[in-house]
Amino acid sequence: MLISRIAYYLSSIPTLLAGLENWWLLGLLRLGIRGRGAPILRLRRSPLRFHVRTAMDVWVIKEVCLDRDYEGGGVRLLDGWTFLDVGAGIGDFSISVAQRLPGSRVIALEPFPSSHQLLLDNIRLNRVSNVQALGYALGAGSGPHRLRAGQAEPGQSSTARRGRGVATHEEEVPGRSLAGLFEELEIERCDFVKMDCEGAEYEILMTADEATLARIPHIALEYHDLYTDHSHEELAEFLGAKGYRIRTEPSPAHREIGYLFASRRPLG
């Protein structure tokens, strides 16, 4: 895994240099140098711009907007679709999709306050009008959810993650079930669900009823093993039994995470 991790980071250097206009910002943030306010990361050959806080924010933008990791399941994203971004962070996936597909409806859920504020700031910065940003956490039911985060990486807040790192911030945030969210927002069909919610993906999906899952043709998520009692193999088996075709891709850098793609049509 160490060799794989080193190879992955080295292979990412050309992508960073070619894809980010001010790529050196990654190094400054890594050293804790940021100046006043949240600096703006600029992409090459793209109008996308993002306020960022940490080197992790920059790296996630690289994975989402340059590598397009959530689009690795063989599904072509289409204009006019409804997208749900669970764990939207600072808005990288939501804003990228909204800009590329201006006729789409994008619902971005981010419950952690500082991340939610940057999400709103980045929506305004990129002048997209088809993103609806809500401060909800998803889970088994509606009501308050306990959200935990570490000071060093606020982008890794979770209602489920345990046993790794120390939570320096905890608070209650509004929560919804997947079915409750669909009812509240009058979503009859959600064409594509993207998830990066630090272990909460298991509770969200494995407590969803069949009628709700039937409204979702495509799911792309980052799975997080060891954070809960569940595993991505268990989630794959669960979704497979609900009629999805599954593909998984382990992370080359971290043993406990990777991507899971689920589609009701054959994956390419």
For the chain, one quarter of the surface area of the C-alpha convex hull, expressed in nm², comes to 13.5
Taking R0 as 35 Å, what's the FRET efficiency between GLU210 and ARG76 from their Cβ-Cβ distance, rounded to 0.05?
0.85
What is the dipole size for the stretch 71-263, taken about its Cα centre, with +1 at each Lys and Arg Cβ and -1 at each Asp and Glu Cβ, in debye to the nearest 20?
420
To the nearest 0.05, what FRET efficiency results for GLU21 and GLU234 with a Förster distance of 41 Å applied to their C-beta separation?
0.45
Calculate, in nm to one decimal, what GLU172 and ARG100 gain on full extension: separation in residues at 0.36 nm each, minus their alpha carbon distance.
22.5 nm
Work out, step by step, the length gained on full extension between LEU226 and MET1: first 0.36 nm times the residue separation, then minus their alpha carbon distance; give nm to one decimal.
79.3 nm
Among TYR227, THR82, LEU28, flag the residue with its Cα farthest along the positive direction of the charge dipole of the chain, charges on Cβ as +1 for Lys/Arg and -1 for Asp/Glu.
LEU28
Show me, for the stretch 77-91, the HN-Hα J-couplings you get by feeding each phi into the Karplus relation (A = 6.51, B = -1.76, C = 1.60, θ = phi - 60°), rounded to Hz, glycine and proline as x.
6, 10, 5, x, 6, 9, 10, 10, 10, 9, x, 6, x, 8, x
Count the DSSP beta bridges whose two residues both fall in the chain, then state the antiparallel fraction as a percent rounded to the nearest 5.
55
What residues have an amide H closer than 5 Å to that of GLY175, excluding those fewer than 5 places away on the same chain, when H is modeled at 1.01 Å from N in the peptide plane?
ALA137, GLY143, HIS145
Report the FRET efficiency, 1/(1 + (r/R0)^6), for ILE33 and TYR9, where r is their Cβ-Cβ distance and R0 is 25 Å, rounded to 0.05.
0.75
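Every read-out reported here was derived from the displayed coordinates using simple, explicitly stated rules and does not represent laboratory data. None of the values given here were measured: they were computed from a predicted structure. Neighbour counts run over all protein chains shown; Cβ positions are idealised from the backbone, glycine included.
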